[in-house]
Structure formats: structure tokens, C-alpha cells
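J.: Questions regarding the structure given below will be posed in turn.
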Amino acid sequence: MANEMDDTDRRLLSLLQANARESTALLARRLGLARTTVVARIARLEREGIVAGYGVRLGAPLQAQAVRAWCSLSVLPKASPAVLRMLGALPEVEEVSAVSGSFDYLVFLRCTSHEQLDALLDRIGQLEGVHQTQTSIVLSRKIDRRGAGD
């Protein structure tokens, strides 16, 4: 699958990551390919699971209003599945990653205010099976390789 990708596939993926709504005609022009070839490549990448879906990346006005934080969680071993289910039900939780080190999970949170973040952290800390938390509020993003979708 991924090892069968060529440079054109990688360039196509890069263009789609920057703007998944780009027309296939424009993608084809940028890649120097026929539009039908681009359509076929996208279909193959989706079929093979290389492209798992499409989403929305929030723009600068909403990003500027958000209070973002990384919350490290230490969880009792048998409680992990339940804690993950409960975190998944919270709309402010954007990402949960299992990590190595003294914590089990790294949770990315997005709130509309510091008060909302404070209440959310209280809720997370009180979840059955959560042993310890440590939170860092994001002050600013210095490097972002996800693309701005110009």
C-alpha cells in the first residue's frame, strides 16, 4: 500500500492535505496529469485506506479565540477503555494519543474560555480511573506543518 506510492501520489496527498476541496481539474493541472488520472488516483488512495477521510481545519479567527491545552493523563490500567470512551464523549477533546513516559495519554483540548477549560479539567480529573493529570496551556503555535489551505 503506502510503500507502493510513487512521487506523484505523495505530491497529490500533499495538495489534498493543504486543501481537500481543491477541484480535480486544478489538481490535475498542478500535477501535470489528466483529470481522469487524478480521479483514479484519489479513488485508489481512498480504497487502500491511505486517505481515510476529509475534515475541516479551523481558520485563524476561530483559532485566535480558542484556549488550547495539552493535558497529560495517568490512568489506572484496567480503566483505560472506560476513560477513553468518556474522553471521546467530550466535544472539547480534539485528540488523544497514547504516549510513553510517566503519563499514559496526551489529550489536546480546545475551549472557548479559561473558565470552560478549568471546568473541563475538573471533570477530566474526576473521571473514574484517572490517577493524575498535568496540563500545559498553549500560548502560541510557532511551527505548523499542517498547512494553512491558502
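The values are calculated or read from the model by the stated rules, or taken from the named source; none is laboratory data. Note that this is a predicted model, so its numbers are computed, not measured. FYI the Cβ positions are ideal-geometry reconstructions off the backbone, even for glycines, and counts take in every protein chain you see. Accessible surface is based on the protein model in full, side chains and every heavy atom, while ligands, DNA and RNA are left aside. Shrake-Rupley method; radii C 1.70, N 1.55, O 1.52, S 1.80 Å.
J.: For the list (1) within 26 Å of ARG141 (Cβ to Cβ); (2) touching a Lys or Arg at 6+ places or on another chain (Cβ under 8 Å); (3) surrounded by fewer than 16 Cβ atoms within 10 Å (Cβ to Cβ), I need the number of the one condition that ARG68 fails.
T.: (3)
J.: Looking at (1) open to solvent by 50 Å² or more (accessible area, probe 1.4 Å); (2) more than 19 Å from the chain's Cα centre (by Cα); (3) farther than 22 Å from ASP144 by Cα, can you tell me which one GLU46 breaks?
T.: (2)
J.: Report, by residue number, each residue of the range 95-140 that is farther than 20 Å from LEU76 by Cα, open to solvent by 90 Å² or more (accessible area, probe 1.4 Å) and within 21 Å of the chain's Cα centre (by Cα).
T.: Result: THR112, LEU139.
J.: Now for a separate question. Of all residues in the range 1-23, how many are open to solvent by less than 40 Å² (accessible area, probe 1.4 Å) and either more than 18 Å from TYR54 (Cα to Cα) or at pLDDT 95 or above (or both)?
T.: Count: 2.
J.: Go through the range 54-148 and tell me which strands (runs of 3 or more DSSP E), entirely inside it, have 3 or more residues that are closer than 30 Å to LEU15 by Cα and at pLDDT below 90.
T.: Working: elements: 67-75, 93-98, 105-111, 130-137.
Correct list: empty, since no element meets the threshold.
J.: Still on this structure, I have one more. Just one of the numbered conditions (1) open to solvent by 40 Å² or more (accessible area, probe 1.4 Å); (2) of a type outside the set (Ser, Thr, Tyr); (3) more than 30 Å from VAL138 (Cα to Cα) is not true of ALA89; which one?
T.: (3)
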